[in-house]
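Peer 1: Following this message is one structure expressed as structure tokens.
The values are calculated or read from the model by the stated rules, or taken from the named source; none is laboratory data. On a predicted model such as this, the values are computed, not experimentally measured, just so you know. Neighbour counts run over all protein chains shown; Cβ positions are idealised from the backbone, glycine included.
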There are 2 protein chains.
Amino acid sequence: MNFIEKLELAQHKNNSLLCVGLDPVLERIPDLCRQSAEPFFAFNRALIDATADLVCAYKPQIAHYAACGVEAELLSTISYVRENYPHIPVILDAKRGDIGSTAEKYALEAFERYQADAVTVNPYLGGDSLEPFLNYAEKGVVILCRTSNPGGGDLQGLEIDGEALYLKLARLAATSWNKNQNILLVVGATWPDELAKVRKIVGEIPLLVPGIGAQGGDLEAVLKAGLDGEGRGLVINSSRGIIYASSGDDFAAAARRASLELRDAINVCRKSQTV
Amino acid sequence: MNFIEKLELAQHKNNSLLCVGLDPVLERIPDLCRQSAEPFFAFNRALIDATADLVCAYKPQIAHYAACGVEAELLSTISYVRENYPHIPVILDAKRGDIGSTAEKYALEAFERYQADAVTVNPYLGGDSLEPFLNYAEKGVVILCRTSNPGGGDLQGLEIDGEALYLKLARLAATSWNKNQNILLVVGATWPDELAKVRKIVGEIPLLVPGIGAQGGDLEAVLKAGLDGEGRGLVINSSRGIIYASSGDDFAAAARRASLELRDAINVCRKSQTV
């Protein structure tokens, strides 16, 4: 089973397009977990146990661990999902990108060391720089396309023969780069018009959409723009809105409520889009 | 003293534009070091001691450590340079890039955890994604511009109003992004014509040039294209050609010979360019 099949099965099983971003910041981890010898892992484990029947994926962002030197806790987190919820894929959000033998090392980091099901990558170095990732045919490779930040357009929005760079990229990703059919793209929720243009180009390639919640993306507009013909094809990520739903020791129950609410809000919109 | 001043001092002191890439691969580390409890660090330490009077910088590539979970040995390596050769700057080659609070975490990783003097970053996410790095005014931020790989042109070479993307980027980097005057750019040695175009746009901004040696870049062409008006402004990186100059236990002496040879070859070309 490859990554996209695993993702679709989890989406179906949990009736969910919701991905929870596991981006813990030590100062915001509630006391209950902060007293643990492994506060990042303790926090994540409680969040995972509280939400595993509501999500289609988890997405830990690696910088949050690397900044503090707690790679071991990132590894424990991914292992915990694999052992306890093996049907839920883990997307390692690392935005890696390099060339040749160095890209191979980054692929080893994501897929062998951390055993992630997918990794986010940066396409600026071109198609050959992504091959070491894409060659893992059973893994997912999630390529940055149109990012959610205000400056995302500085390069991505530049026009080439009347078409923006991110659309050229989407075309490359959907065709010549996608030999193993294991590519996904990142398009920020803050740009629903751009999301619609990407969807038109890439057919049924799944799109990972950050920027709902804290960054202000509009859920209904996102779904309208991004769902594929079968009302699927999106992975809607929320991090801070879920994991910090409460700053107290009831954080896990609060995360569950927030996940349920967002999953169901997505499904209501999804239904109204597809009927 | 900011990064670029530190770099120029080291270039002057060692009469060198040579940067040695510390990219160890366990299978290629000679027996003498492989028996150590910290083989990556033992290898690097010997290389550093053998070359510290011949280089202007060291550039460890982080994926080589992350793939094997030896972040501690990367940290030991950088600390060793800082303690023993404090005038030699360390460029952490990580090619990071993300937005907002996540980019801040990556900046913490490079500048606080590892105490690097500079870090390589990927510009695809735009100017605001680089600010958390650029805000460290005393640190160097080395932005990918035109990479040395065959596919580097897939995006970087696309033409916008008759000018390639990497040149648009060079212009942004040299002007509106460079408020703290701490930007450098990466341009591969495999593209001397492109290097000349970048130099023309960016004035005296230093350029980090990988791709000499294993990747086949032509030294004379690179220097002709890339030196600034004062015969400086380049950091010429070599990794495999130096660190694997011998596969035996004489690797450090061989690395010294290879470094001396390349440093002097650069200086001979440099002299003939500037007189």
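Peer 1: Residue check, B:GLN181 against (1) assigned to a loop (DSSP other than H, G, I, E, B); (2) surrounded by 17 or more Cβ atoms within 10 Å (Cβ to Cβ), all met but one. Which one?
Peer 2: Checking B:GLN181 against (1) assigned to a loop (DSSP other than H, G, I, E, B); (2) surrounded by 17 or more Cβ atoms within 10 Å (Cβ to Cβ), the one that fails is (2).
Peer 1: Here's a follow-up. May I ask you to list the residues in the range A:114-141 that are in contact with a helix residue (DSSP H, G or I) (Cβ under 6 Å, 6 or more places away or on another chain), charged (D, E, K, R) and without any contact (Cβ under 8 Å) to a residue 60 or more places away in the chain?
Peer 2: Correct list: A:ASP128 only.
Peer 1: Checking A:VAL142 against (1) within 9 Å of chain B (Cβ to nearest Cβ); (2) closer than 22 Å to A:VAL20 by Cα, which test does it fail?
Peer 2: Here A:VAL142 meets the rest and fails (1).
Peer 1: Which one of the conditions (1) within 30 Å of B:LYS105 (Cβ to Cβ); (2) part of a loop (DSSP other than H, G, I, E, B) does B:GLY151 fail to meet, given that it meets all the rest?
Peer 2: Condition (2) is where B:GLY151 drops out.
Peer 1: Could you tell me whether any residue of the range A:249-270 is out of contact with any His (no Cβ under 8 Å at 6 or more places or on another chain), farther than 30 Å from A:ASP128 by Cα, assigned to a loop (DSSP other than H, G, I, E, B) and in contact (Cβ under 8 Å) with a residue 24 or more places away in the chain?
Peer 2: Yes, there is a match, as at least one residue in the range A:249-270 is out of contact with any His (no Cβ under 8 Å at 6 or more places or on another chain), farther than 30 Å from A:ASP128 by Cα, assigned to a loop (DSSP other than H, G, I, E, B) and in contact (Cβ under 8 Å) with a residue 24 or more places away in the chain.
Peer 1: Going by the conditions given, is B:GLU138 surrounded by fewer than 24 Cβ atoms within 10 Å (Cβ to Cβ) and in a helix (DSSP H, G or I)?
Peer 2: Spelling it out, it is not the case that B:GLU138 is surrounded by fewer than 24 Cβ atoms within 10 Å (Cβ to Cβ) and in a helix (DSSP H, G or I).
Peer 1: I would also like to ask the following. If I go through the range A:177-205 residue by residue, how many of them are within 10 Å of A:GLY226 (Cα to Cα) and small (Gly, Ala, Ser)?
Peer 2: Selection size over the range A:177-205: 2.
Peer 1: Would you mind listing the helices (runs of 4 or more DSSP H) fully within the range A:1-115 where at least 1 residues are out of contact with any Asp or Glu (no Cβ under 8 Å at 6 or more places or on another chain) and surrounded by 16 or more Cβ atoms within 10 Å (Cβ to Cβ)?
Peer 2: The qualifying helices (runs of 4 or more DSSP H) are A:3-13, A:31-34, A:39-51, A:71-84, A:100-108.
Peer 1: On to the next question. How many residues does the range B:168-187 hold that are of a type in the set (A, V, I, L, M, F, W, C), within 11 Å of another protein chain (Cβ to nearest Cβ) and in contact with a strand residue (DSSP E or B) (Cβ under 8 Å, 6 or more places away or on another chain)?
Peer 2: 4
Peer 1: Report the residue count in the range A:60-111 for those that are under 13 Å from B:ALA63 (Cα atoms), more than 7 Å from chain B (Cβ to nearest Cβ) and not hydrophobic (A, V, I, L, M, F, W, C).
Peer 2: The qualifying residues number 3.
Peer 1: Looking at (1) at pLDDT 95 or above; (2) at the interface with another protein chain (Cβ under 9 Å from one of its Cβ atoms); (3) surrounded by 19 or more Cβ atoms within 10 Å (Cβ to Cβ), which one does A:ASP128 not meet, given that it meets all the others?
Peer 2: Failed condition: (3).
Peer 1: List, please: which pairs have Cβ atoms under 7 Å, are six or more places apart or on different chains, and start with a residue in the range A:188-200 that is free of Cβ contacts under 8 Å to residues at least 60 places away in the same chain and end with one that is in a loop (DSSP other than H, G, I, E, B) and buried (at least 23 other Cβ atoms within 10 Å of the Cβ)?
Peer 2: Within 7 Å, the pairs are A:GLY188/A:THR147; A:GLY188/A:PRO210; A:GLY188/A:GLY211; A:ALA189/A:PRO210; A:ALA189/A:GLY211; A:THR190/A:GLY211.
Peer 1: For the structure I just gave you, tell me whether B:VAL186 is in contact with a helix residue (DSSP H, G or I) (Cβ under 8 Å, 6 or more places away or on another chain), of a type in the set (A, V, I, L, M) and either assigned to a helix (DSSP H, G or I) or crowded, with 19+ Cβ neighbours inside 10 Å (or both).
Peer 2: no
Peer 1: A further question on this structure: Working only within the range B:188-207, note down all residues that are within 14 Å of chain A (Cβ to nearest Cβ) and aliphatic (A, V, I, L, M).
Peer 2: The one that is within 14 Å of chain A (Cβ to nearest Cβ) and aliphatic (A, V, I, L, M): B:ALA189.
Peer 1: Still on this structure: Please verify whether the range B:234-244 includes one or more residues that are part of a strand (DSSP E or B) and either on the phi > 0 side of the Ramachandran plot or in contact with a Lys or Arg (Cβ under 7 Å, 6 or more places away or on another chain) (or both).
Peer 2: Yes: one or more hits.
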